[in-house]
Each structure stands twice: as C-alpha cells, then as structure tokens.
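First the structure, in the form of structure tokens, and then the observations on it.
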Amino acid sequence: MTHKVKRVLIPDDSMNGAAILSAIQMLSHEVQEETALKHCVLYVPARGSLQGTTLEKALGIPVCKALLAKKQLPLEHSLLRLETDASFKAFTPCDAVVVVYADQKMMDKVDANPAPKLVICTPHIPEAVLGWKRTWTPITPGEPQEEVTLVGNKIVEAALMSMTVRINLANQALGPSDQEAVKDAFRILVAHHQTEDTANIRAWCIKHGWHAKAADEAVKYAAKAFGLTSKPSQFGKHWAADIYQRWTDKASKG
C-alpha cells in the first residue's frame, strides 16, 4: 500500500448493535475531518445482514432499504454504499470501509484491497478477527494501542524479509518458482533448528504485503518443514549455508 491506513476495531461485546452505531458515528466523524474520504463502503456478509438484525436496528429500516436498493447515501461530503462478501473485491473502489459482522475471511479481502485509507471493523464475535487484530494492532477505543513484535525469532524474520523481496507480491497466490523459494527457505531454517509460530508468520506476511492466499501457502510450507523429524540433508550444501549466513548477519544487526 502506498498510503497510511487507519485501522479501528470496535468489538460488539453487548451484541445489541451499539458497536455498529459507534462504527457509523466514527465514520461520519472521520469523513468530516478528512476530505479525501469520498467513497465509503458498508461491507457485510450478505444482503440479509440488513434485515431483522442489529445492523438494521442501528441504521434504521429506511436507510437499510435504500442501501439494499443499491442507492448511494450522502454522508457529510461523501457517499455510502453497500457491498457484500459476494461483491467486495481486491479492486473495489473505496476510501473508507466499515466491516460489520466481520470475520477473518472478510478482513483478508479488505487487506488485499489497496484503496482504503480507513478501515473500521465490527466483528460478529470478538474471536472472529483475532488474526487481523494480531497483524495490525488496530486502534480500539478506550484501550491503549501497543505495537507488537509479530516474529520473535530474528533469523526467521530475516528469512521472511528475503522471501518477500524474492516473490511476486502482485500475485494472490505463489507461482511455481516462488513456491520452491519459500519451501527452500523454511527447509534451510529447519536445517539450522530455527522455528516460529505459524500464526505469527501469517500475520507478518500479510502486514508486509503478501496476499492472504500466498500467506496461507507460506504457512502450509512452514508447518510442513517445522514438522520434519529429521534435518533436510540437502540443505547442508554451501549455497544454503551462504543464504543462512546472510540471514544471521541481518538478524544480528537488528
């Protein structure tokens, strides 16, 4: 992404729609403060999410009917429209997105879209977006925001940086040559007894520009390599040793 993205998490702990109303109010406030937020999206799982739900209660029946009729509603100097899981894509134009009844799959799709400058997430249950929360440490009103270290093993992080430079980040999935490069990298790490929580690897990859599908592939290869009961013999070769040395040098420099 070429611009800074403001990410906000508003958990709906009460399950009464208050968090949804807070999310819409925050969007309205942000639109007033930032004139670049012209195209706003309400992203929900399905059209039925606006019928007989806490979202309908928060917005009101007339607003929900208008959104379901594919009308764009004025919001300060901006326009608000509806997108569902079936219609929201990586190329969907939007400056701001409010994701209601969010889950990890929906947030992966938002992460894959480079357009939003503001993302407000209201999950259907707090546990539904733990991966997204781990990745981005979003602002949560009333709570301190603390940056977390996603990958504690600095050598593994150096390897991930190397992979990120090596692969084609424009592709949603890893191509054949990228797959082999990622597999080799994890085998080299295992050959030197280096490992890391695969959930941390996924979060790190997404934060550094990998598409969710590519990050999931990396996690699959990491889990397979980390699960090996014996050291991969072919990775004691000089070329692999040289690569590992570069990673350790980078890790030692912080």
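Of V129, V99, V110, which residue is closer than 15 Å to V8 by Cα, touching a Ser or Thr at 6+ places or on another chain (Cβ under 9 Å) and either at pLDDT 95 or above or assigned to a helix (DSSP H, G or I) (or both)?
Working: V129 fails: touching a Ser or Thr at 6+ places or on another chain (Cβ under 9 Å); V110 fails: touching a Ser or Thr at 6+ places or on another chain (Cβ under 9 Å).
Exactly one of V129, V99, V110 is closer than 15 Å to V8 by Cα, touching a Ser or Thr at 6+ places or on another chain (Cβ under 9 Å) and either at pLDDT 95 or above or assigned to a helix (DSSP H, G or I) (or both), namely V99.
Yes/no matrix, rows are residues, columns are (1) at pLDDT 95 or above; (2) in the same structural domain as Q104 (by TED's automatic domain parsing); (3) within 17 Å of C121 (Cβ to Cβ); (4) not in a helix (DSSP H, G or I):
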{"residue": "P11", "(1), (2), (3), (4)": "no, yes, yes, yes"}
{"residue": "I24", "(1), (2), (3), (4)": "yes, yes, yes, no"}
{"residue": "L42", "(1), (2), (3), (4)": "yes, yes, yes, yes"}
{"residue": "A58", "(1), (2), (3), (4)": "no, yes, yes, no"}
{"residue": "V63", "(1), (2), (3), (4)": "yes, yes, no, no"}
{"residue": "K70", "(1), (2), (3), (4)": "yes, yes, no, yes"}
{"residue": "L79", "(1), (2), (3), (4)": "yes, yes, no, yes"}
{"residue": "E83", "(1), (2), (3), (4)": "yes, yes, yes, yes"}
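Quick check on this structure: which one of A185, A215, A159, A222 is within 21 Å of R7 (Cα to Cα), assigned by TED's automatic domain parsing to the domain that holds A241, crowded, with 20+ Cβ neighbours inside 10 Å and hydrophobic (A, V, I, L, M, F, W, C)?
Of A185, A215, A159, A222, the one residue that is within 21 Å of R7 (Cα to Cα), assigned by TED's automatic domain parsing to the domain that holds A241, crowded, with 20+ Cβ neighbours inside 10 Å and hydrophobic (A, V, I, L, M, F, W, C) is A215.
Among the listed residues P123, P93, which satisfies the condition of being over 21 Å from W210 (Cβ atoms), touching a residue at least 12 places away in the same chain (Cβ under 8 Å) and surrounded by fewer than 19 Cβ atoms within 10 Å (Cβ to Cβ)?
P93
Could you tell me whether S177 is closer than 24 Å to K253 by Cβ and either of a type in the set (S, T, Y) or outside the structural domain of A218 (by TED's automatic domain parsing) (or both)? Before the answer, list the steps.
Values: closer than 24 Å to K253 by Cβ: no; either of a type in the set (S, T, Y) or outside the structural domain of A218 (by TED's automatic domain parsing) (or both): yes.
In short, no.
Being closer than 21 Å to H29 by Cβ and either surrounded by fewer than 16 Cβ atoms within 10 Å (Cβ to Cβ) or in contact (Cβ under 8 Å) with a residue 12 or more places away in the chain (or both) is the filter here, so list the residues in region 58-72 that pass it.
Selection gives A58, L59, G60, L67, Q72.
The values are calculated or read from the model by the stated rules, or taken from the named source; none is laboratory data. On a predicted model such as this, the values are computed, not experimentally measured, just so you know. Using ideal geometry, Cβ is built from the backbone for each residue, glycine included, and neighbour counts are taken over all protein chains shown.
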